Amino acid sequence: MNNNDTISREDRLAVVILAVTQSLLLLILHKTITHDAWPSGDWRWLFGFYSLVIGTPLFLYLGAQEWRDRANAWAAAGAALLLFVLGWHQGWLNSPDLEGAGREPGHLPGFILAGFIAIFILALYFRSWREYGRLDYALILDHAWRNALMLAFLGLFLGVFWLLLLLWAQLFDIIGIGFFKSLFDEPEFVYPVSGLVGGFGIGLIRLREAMIATVRRLCEVLIRALLPLAAFIVLLFLAALPFTGLQALWDTGFASALLLMLSLVLLFFFNAVAAESGQALGAKALRWIVTAALVLLPIAMAIALWSLGLRIGQYGITVDRAWALFIETFVALMAVAYAGAILLKRKLAFATFRRINLAWAAALAVTLILVNLPPLDFNGWSARSQLARLHDGKVQPADFDARYLRFGLGAYGVEALKQLQDSELAANNPVLRQRIDDALKAQYRWSPPEVDTNDLEVLRARYLPLAGTEIDDDFLRLVAEGEAERRFANCMQGAVHCVVGELTRSNQTFRFVISRTNAYTSQAWQQSGDSWRHIGSLRRFGCRDEESKREALRSVSHEYFVFTDGICLYQLQPLETLFTM
């Protein structure tokens, strides 16, 4: 284990100064948002500055050893430039140029996690290069443990610090002294104090070399005990598949995620305690179990990729599936490389594993950066996939989820919708045109759509009449207006049509608008002269397969007003009792 992590008093002071400077810059950015000043109005600049201010110091906290080293400044400058470009792209992605459009930066979690992993890996490589002039695997592994534990302890330290301040504020507020509660809520206090305490905490933790080493050894002991169990689970699961088949996996809908998780656990446990030295595996029997699991692990990853491929073939590429494909591909490549090394060497080739790990981590860091930039951005990839499915007829215009493109794919989705809006396909399909217009006008993804009740062609396409039911224009407008007023207007915006059926009882005609996706929005109407009046909703129960063919409505219970369409049973839930049953 490397013992060069002791930090001098001068370097501790440098860490504190950097942390306080970082916190002050974050305070300035915060103030630009609260005072509506530049760059808060332009998310490209705002996100770029936030990425730079957060990521560059993090790179130095993790990668700098001797703070007087000029290479730190050059590395930090390169990291700052790259982070600003990444942040600029995220700002553009999250702020499409639409008049009055709501802004929902839902793409940030993936970007933040990818950026953190890339910075973590690159900082390790930079530190190893500055200390040894080369990439030393043992040193990188040692510093990976140190940095991970340092961040964990730092988070705990800051959390306890602010809990104590909260207790302080509450105690004094009880006795009528609200000064501290007001002070601790002020950004001018929160940012600088957090920076000061965080910088002090980093120096304090890095001084406790023995503590970090002890915690690492404890983690390794626990992981070493669990590694054979993880390997045995992999072997047992793969051995059971020939007898159970794969259909049960496909039926879950999340088989790919389960297999990926199992593979990640095995690879992480193995590398945490065994990749540096095979002695950690212990007994020969345990070594054979782990070796067999690593050799067969590509099979598990092949099944995971197969499962994900089936989902992509059915529903196309989305951002979530693109990330899943990215992760599974990297894990599968690592599993194949490990299995190939074992089969070629006929043993656990630890020197080869170390080279694989170094190359794999570098490729991961670089690729995580590239997929957050055009043209590899998953949002653009997903937008192109969804449009291709529409043009190829794999998804019908009435089922096209335009709001996913608008709010799920950011600026890429908006650009795709604008292109589609001007296309011949939209011009010849009023339902598709209505869905695109609705998505582009919506301020939020789940806000009720603006329904054009004058476009009867669009409205009629949203309802499927059952046998014996004809939807007249007046009823169509009446239902559409009611749909537009309700919060869950799924007949207008859902991916599946609503069903309309009629039932005659006691010389009275009733018409029901039945939602195929939401049991709480099916509505009932009664004919009154030449008009219709809304009389209540429907309770749905006793459903069979939704893909079955629906039939004309028929009564099941006259007393309780229960009827069926051949798939589900429905019971009228009236708003009033003053009508003939």
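The values are calculated or read from the model by the stated rules, or taken from the named source; none is laboratory data. Since the model is a prediction, treat every value here as computed from it, not as a measurement. Here the Cβ is made from the backbone with ideal geometry for all residues, glycine too, and neighbour counts use every protein chain on show.
Does any residue of the stretch 18-41 turn out to be buried (at least 17 other Cβ atoms within 10 Å of the Cβ) and charged (D, E, K, R)? No, that holds for no residue.
Filtering the stretch 227-240 down to residues that are free of Cβ contacts under 8 Å to residues at least 60 places away in the same chain and over 29 Å from the mean Cα position of the chain (by Cα), which residue is nearest to Asn271 (Cα to Cα)?
The extreme case among them is Leu229.
Of the numbered criteria (1) in a helix (DSSP H, G or I); (2) surrounded by fewer than 15 Cβ atoms within 10 Å (Cβ to Cβ), the one Phe330 fails is (2). Name the single residue that is farthest from Leu124 (Cα to Cα) among those in the stretch 351-361 being surrounded by fewer than 16 Cβ atoms within 10 Å (Cβ to Cβ) and at pLDDT below 95. Filtering first and then ranking leaves Ala351. Conditions first: (1) under 20 Å from Ile140 (Cα atoms); (2) at pLDDT 95 or above. Thr329 passes all but one, so which condition is the exception? The single condition Thr329 does not satisfy is (1).
Just one residue in the set Ala272, Ala300, Ala362, Ala335 is assigned to a helix (DSSP H, G or I) and either free of Cβ contacts under 8 Å to residues at least 60 places away in the same chain or closer than 30 Å to Ala402 by Cβ (or both); that residue is Ala272. Based on this model, can you work out whether Gly91 counts as farther than 28 Å from Ile17 by Cα and at pLDDT below 95? When the stated conditions are applied, Gly91 passes them.
Could you list, in sequence order, the residues of the stretch 18-29 that are under 16 Å from Asp42 (Cβ atoms) and either touching a strand residue (DSSP E or B) at 6+ places or on another chain (Cβ under 7 Å) or in contact (Cβ under 8 Å) with a residue 24 or more places away in the chain (or both)? The answer is Leu29, and nothing else. Looking for something under 21 Å from Ala76 (Cβ atoms) and in the same structural domain as Leu25 (by TED's automatic domain parsing) - is there at least one such residue anywhere in the stretch 163-178? Checking the stretch 163-178: not a single residue is under 21 Å from Ala76 (Cβ atoms) and in the same structural domain as Leu25 (by TED's automatic domain parsing). For the stretch 338-359, the candidate set comprises residues that are part of a helix (DSSP H, G or I) and not hydrophobic (A, V, I, L, M, F, W, C); within that set, the residue that is farthest from Gly313 (Cα to Cα) is Lys345.
Only one of the listed residues (Ser182, Ser194) is polar (S, T, N, Q), exposed (fewer than 15 other Cβ atoms within 10 Å of the Cβ), assigned by TED's automatic domain parsing to the domain that holds Leu62 and at pLDDT 90 or above. That residue is Ser182. Exactly one residue out of Phe184, Phe157 is under 29 Å from Gly63 (Cα atoms) and assigned to a helix (DSSP H, G or I), and it is Phe157.
Yes/no matrix, rows are residues, columns are (1) under 29 Å from Glu328 (Cα atoms); (2) of a type in the set (S, T, N, Q); (3) assigned to a helix (DSSP H, G or I):
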{"residue": "Val366", "(1), (2), (3)": "yes, no, yes"}
{"residue": "Trp381", "(1), (2), (3)": "yes, no, yes"}
{"residue": "Arg403", "(1), (2), (3)": "yes, no, yes"}
{"residue": "Ala416", "(1), (2), (3)": "yes, no, yes"}
{"residue": "Gln419", "(1), (2), (3)": "no, yes, yes"}
{"residue": "Arg433", "(1), (2), (3)": "no, no, yes"}
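Listed by first and then second residue, the pairs with beta-carbon distance under 8 Å, at least 6 apart or on different chains, first residue in the stretch 428-445 and closer than 18 Å to Leu409 by Cβ, second modelled with pLDDT of 85 or more and not in a helix (DSSP H, G or I), are Leu432/Phe400; Arg435/Phe400.
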